[in-house]
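Colleague: The structure that follows is given in the form of structure tokens.
The values are calculated or read from the model by the stated rules, or taken from the named source; none is laboratory data. Keep in mind the model is a prediction, meaning the values are calculated, not measured. No Cβ is skipped: glycine too gets one built from the backbone with ideal geometry, and neighbour counts run over all protein chains shown.
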Amino acid sequence: MSRALAGVAFLSAAVGAAADGGTAESPSRGALVRFHTACASCHVAECSGRLSFDSGSAGARGHVKRYAPTANDAVVRELFSMLTSLKRTCQHALPAPPLLPRFDAAFLAEHFNPDASAWFVPLPARSRTGVVELDVGVGQHAEVSLLDDSLETLVEVHGAGTLRLDAPASARPSFLLVRRAQSVSRLEVR
Ligand code: HEC
């Protein structure tokens, strides 16, 4: 009985800690997208536990805010716990793909980090090779990478307008990282 009560208390404390629905175990989509667009390039291979600021947590907070200036306090806390968990378990959390490979404007907006001007979009598993096609707007030279769930780059294209990537079959979700684009107005996986 007391064990069950303790479990419930822990759960509600974890939910209370992040106003937008994320917890240390399952961060919010917003925190995941921020992490993979603004932090992963430096932090993803880290699980040694060596990383630390001499200045303590105040210094670390300043550092996180530098790379996530518009993140609210709840998301900053989530980013901290994601990094702590990465260092402890050597595993990074990833956002879940949609059940069907349909990416409407709302879904794309949820996967955009304004501070990094970048998108991190989860794509469902595919039983056969396919094509990822997206419109990134003209004028800027966008960088688009398809990553596997270990965040290894599978394919990369650079350019403007309509971009296409050949996506290998994959039993697990993959992830599209879009940088230096003005917009992603359309994304299709065929
Ligand atoms: C350009 C590379 C780079 C980026 C981008 C970056 N970091 Fe860091 N981060 C570092 C380095 C290097 C350290 C270690 C500093 C030290 O050793 O004093 C660090 C340290 C930290 C620490 C302190 C860890 C500890 O145990 O004290 C946290 C927390 C952290 N980063 C979170 C983040 C988050 C969250 C983001 C994204 C919003 C981010 N970092 C983006 C390079 C980066």
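Colleague: Within the stretch 41-87, restricting attention to residues that are in a loop (DSSP other than H, G, I, E, B) and near the ligand (Cβ under 7 Å from one of its atoms), which residue is modelled with the highest pLDDT?
Modeller: The first filter runs over the stretch 41-87 and keeps only residues in a loop (DSSP other than H, G, I, E, B), leaving 44-56, 68-72.
Of the ones still in play, those that are also near the ligand (Cβ under 7 Å from one of its atoms) are 51-54, 68.
Numbers: Leu51: 52, Ser52: 52, Phe53: 49, Asp54: 48, Ala68: 97.
So, considering only residues that are in a loop (DSSP other than H, G, I, E, B) and near the ligand (Cβ under 7 Å from one of its atoms), the one modelled with the highest pLDDT is Ala68.
Colleague: Is it the case that the stretch 163-185 has a residue that's free of Cβ contacts under 8 Å to residues at least 24 places away in the same chain, out of contact with any helix residue (DSSP H, G or I) (no Cβ under 8 Å at 6 or more places or on another chain) and not charged (D, E, K, R)?
Modeller: No: zero hits.
Colleague: Tell me the residue from Arg126, Arg102 that is crowded, with 19+ Cβ neighbours inside 10 Å and under 14 Å from Val189 (Cβ atoms), please. Give the derivation first.
Modeller: Details: Arg102 fails: crowded, with 19+ Cβ neighbours inside 10 Å.
Of the residues listed, the single one that is crowded, with 19+ Cβ neighbours inside 10 Å and under 14 Å from Val189 (Cβ atoms) is Arg126.
Colleague: Let me ask something else about it. So which residues in the stretch 96-108 are assigned to a loop (DSSP other than H, G, I, E, B) and either without any contact (Cβ under 8 Å) to a residue 60 or more places away in the chain or touching a Phe, Trp or Tyr at 6+ places or on another chain (Cβ under 7 Å) (or both)?
Modeller: Answer for the stretch 96-108, where residues must be assigned to a loop (DSSP other than H, G, I, E, B) and either without any contact (Cβ under 8 Å) to a residue 60 or more places away in the chain or touching a Phe, Trp or Tyr at 6+ places or on another chain (Cβ under 7 Å) (or both): Pro98, Leu99, Leu100, Asp104.
Colleague: Taking Phe175 as meeting all but one of (1) aromatic (Phe, Trp, Tyr); (2) more than 27 Å from Lys65 (Cα to Cα); (3) touching a Phe, Trp or Tyr at 6+ places or on another chain (Cβ under 9 Å), write down the number of the exception.
Modeller: With respect to (1) aromatic (Phe, Trp, Tyr); (2) more than 27 Å from Lys65 (Cα to Cα); (3) touching a Phe, Trp or Tyr at 6+ places or on another chain (Cβ under 9 Å), Phe175 is out only on (2).
Colleague: Restricting to the stretch 58-79, and then to whatever is hydrophobic (A, V, I, L, M, F, W, C) and either within 13 Å of Phe35 (Cα to Cα) or touching a helix residue (DSSP H, G or I) at 6+ places or on another chain (Cβ under 6 Å) (or both), can you tell me which residue is surrounded by the most Cβ atoms within 10 Å (Cβ to Cβ)? Please lay out each step first, then the result.
Modeller: Let us first name the residues in the stretch 58-79 that are hydrophobic (A, V, I, L, M, F, W, C), namely 58, 60, 64, 68, 71, 74-76, 79.
When the remaining residues are screened for being either within 13 Å of Phe35 (Cα to Cα) or touching a helix residue (DSSP H, G or I) at 6+ places or on another chain (Cβ under 6 Å) (or both), the result is 64, 68, 71, 75-76, 79.
Working: Val64: 21, Ala68: 21, Ala71: 20, Val75: 23, Val76: 15, Leu79: 25.
The residue in question is Leu79.
Colleague: Residue check: is His111 surrounded by fewer than 19 Cβ atoms within 10 Å (Cβ to Cβ) and not assigned by TED's automatic domain parsing to the domain that holds Arg66?
Modeller: In short, no.
Colleague: Determine whether the stretch 108-115 contains at least one residue that is within 10 Å of the ligand (Cβ to nearest atom) and either within 16 Å of Arg172 (Cβ to Cβ) or modelled with pLDDT of 95 or more (or both).
Modeller: Checked the stretch 108-115: at least one residue is within 10 Å of the ligand (Cβ to nearest atom) and either within 16 Å of Arg172 (Cβ to Cβ) or modelled with pLDDT of 95 or more (or both).
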